[in-house]
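Okay, so here's the structure we're looking at.
The values are calculated or read from the model by the stated rules, or taken from the named source; none is laboratory data. Worth saying up front: this structure is predicted, and the values here are computed from it rather than measured. As a convention, Cβ positions derive from the backbone with ideal geometry for all residues, glycine included, and neighbour counts pool all protein chains shown. Only protein heavy atoms, including side chains, enter the accessible area calculation; ligands, DNA and RNA are left aside. Shrake-Rupley method; radii C 1.70, N 1.55, O 1.52, S 1.80 Å.
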Amino acid sequence: MCLWEDVMSSRHAVIIGAGITGLLTAIRLRKAGWKVSVAEAHHIGAGSSSRTAAGIRQQFSTEETVIGMRYSVDFYRRFCEEVGGEIKPIVQNGYLFLLNSNIEDAQKRVAMQREAGLHDVSFLTSQETAQQFSYVDPESIQGATWCPSDGFLRPGIIYGEAANASRRLGVQLYQKSPINKSRLKGNKIEAVRAGETWLEADLFIDCTNAWSPRLTAMLGGQSLPISPLKRYLWFIERDGSLSEELMADMPMIITPSGAYCRPESRQSLMVGWAHNASSEPSFDYSDQDTIENSFSHEGMESRAYEAWEAICEVLPTVEEFSGIEATTSGYYGTTPDHNPFLCYDKYRPNLLHLVGFSGHGAMFGPFSSTAGLHLAEAGHDLDEITLFDTQISMKAFQADRPFRHSESMVI
């Protein structure tokens, strides 16, 4: 029996995309009394949610994002009470940004983050960094910023338990149901066809991220500047002098070159490194798992081994690891300033966008979903919402923003 079958509402929302953002938003709206349907083109978590590096951090250069990610960390700590399940999906090993330049900017950024309520973030000298993290070479850096309440997520737990909770609450989930047609009434969307099923609603919520440009075009919405960019992750098997215990406790570490790593398990180190990539607006689902030769771990002259070398420059013990055992890939839905769009469509006033996360979709999920609830209830864009009894501006996430302030902490 549906726990919420007695909740009746004249308001119906159709959420497009059953990843972390879409499913958490479905739960929010359903608990607020909305009737909710979720349409997914393939299966739950089939897109970027299952291919993410899954970091969660509050160390950003945009104040609104710092507060929003404080909210996300708090939510994921309470995930079992809020959503369900028995395993918390957050591992708070921290985030360590290693630096060899722009030290004054980093110190100013830490001061801003502390003013935004992130009281456990700090700047470390190179010697302080090496004292706390023995595997870091102090000669390779000039300092670091460190936040112990940051960490990483287990995305499968998040979207799996969120799907279970959605069903318990009476949300209708349609899998293998791509949106292929729409019906309009004036300039508003009246219904969309998901597979062979027509879904009528008052509100339609785009949670498709890298797929958003093609969905919006089909619905007659505005053209949002979201570029689908390919990103890769590699997994290096532990060996040598770095113990299992140190490996398990290792934070997400971002090197001065931009290469980053974190423990995937006690025996495997996840490594990533962004590269110059061209937008692929016509990619399909199978392209997510297509590994180009120059990024495969099977060729020594590849980005995978360049990333390993970059990690070894600051973490010498990683040079002792035995080899790269796997490569995975997926797409970032990237915006010009690396901030998402959490706003209504200019041409379709009942189409709400929660997209453009630029690689931060999993960590943004709780914040995006609560922003989505505020926007759904208002029926229009909002200049601010309340989190932690604090009014935070939403202007950094609106579609008509000037893109003057680019989020600088992007990996």
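Quick notes
- When region 113-125 is filtered for residues that are surrounded by 14 or more Cβ atoms within 10 Å (Cβ to Cβ) and of a type outside the set (A, V, I, L, M), the ones remaining, listed by number, are 113, 114, 117, 122, 123, 125.
- Matching residues in region 295-305 - criterion: being in contact (Cβ under 8 Å) with a residue 60 or more places away in the chain, part of a helix (DSSP H, G or I) and open to solvent by 10 Å² or more (accessible area, probe 1.4 Å): 295, 303
- Positions within region 126-142 being of a type in the set (S, T, N, Q) and open to solvent by less than 80 Å² (accessible area, probe 1.4 Å), in sequence order: 126, 129, 140
- Of all residue pairs spaced 6 or more apart or on separate chains, those with beta-carbon atoms under 7 Å, a first member in region 88-107 that is within 18 Å of residue 142 (Cβ to Cβ) and without any contact (Cβ under 8 Å) to a residue 60 or more places away in the chain and a second member that is open to solvent by 10 Å² or more (accessible area, probe 1.4 Å) and in a loop (DSSP other than H, G, I, E, B) are 103/142.
- Filtered residues of region 136-148 (kept if in contact with a strand residue (DSSP E or B) (Cβ under 9 Å, 6 or more places away or on another chain) and part of a loop (DSSP other than H, G, I, E, B)): 136, 141, 142, 148
- Qualifying residue in region 97-112 (condition: open to solvent by less than 30 Å² (accessible area, probe 1.4 Å) and among the polar types (S, T, N, Q)): no
- The residues of region 391-405 that are open to solvent by less than 60 Å² (accessible area, probe 1.4 Å) and farther than 10 Å from residue 339 by Cα, listed by number, are 392, 393, 394, 399, 401.
- Boolean, residue 111 is of a type in the set (A, V, I, L, M, F, W, C), out of contact with any strand residue (DSSP E or B) (no Cβ under 8 Å at 6 or more places or on another chain), closer than 30 Å to residue 49 by Cα and assigned to a helix (DSSP H, G or I): no
- Listed by first and then second residue, the pairs linking a residue in region 313-326 that is touching a residue at least 12 places away in the same chain (Cβ under 8 Å) to a residue that is open to solvent by less than 10 Å² (accessible area, probe 1.4 Å) and in a helix (DSSP H, G or I), with Cβ atoms under 7 Å apart and 6 or more places separating them unless they lie on different chains, are 318/311; 324/304.
- Scanning region 15-33 for residues that are surrounded by 24 or more Cβ atoms within 10 Å (Cβ to Cβ) and either among the small types (Gly, Ala, Ser) or outside any helix (DSSP H, G or I) (or both) yields a count of 7.
- Residues of region 56-89 that turn out to be over 17 Å from residue 119 (Cβ atoms), open to solvent by 10 Å² or more (accessible area, probe 1.4 Å) and touching a strand residue (DSSP E or B) at 6+ places or on another chain (Cβ under 6 Å), as a count: 1
- Residue 376 vs. criteria over 27 Å from residue 89 (Cβ atoms) and either surrounded by 20 or more Cβ atoms within 10 Å (Cβ to Cβ) or in contact (Cβ under 8 Å) with a residue 60 or more places away in the chain (or both): no
- Hits in region 380-399 (condition: under 30 Å from residue 10 (Cβ atoms) and in contact (Cβ under 8 Å) with a residue 24 or more places away in the chain): 380, 381, 387, 394, 397, 398, 399
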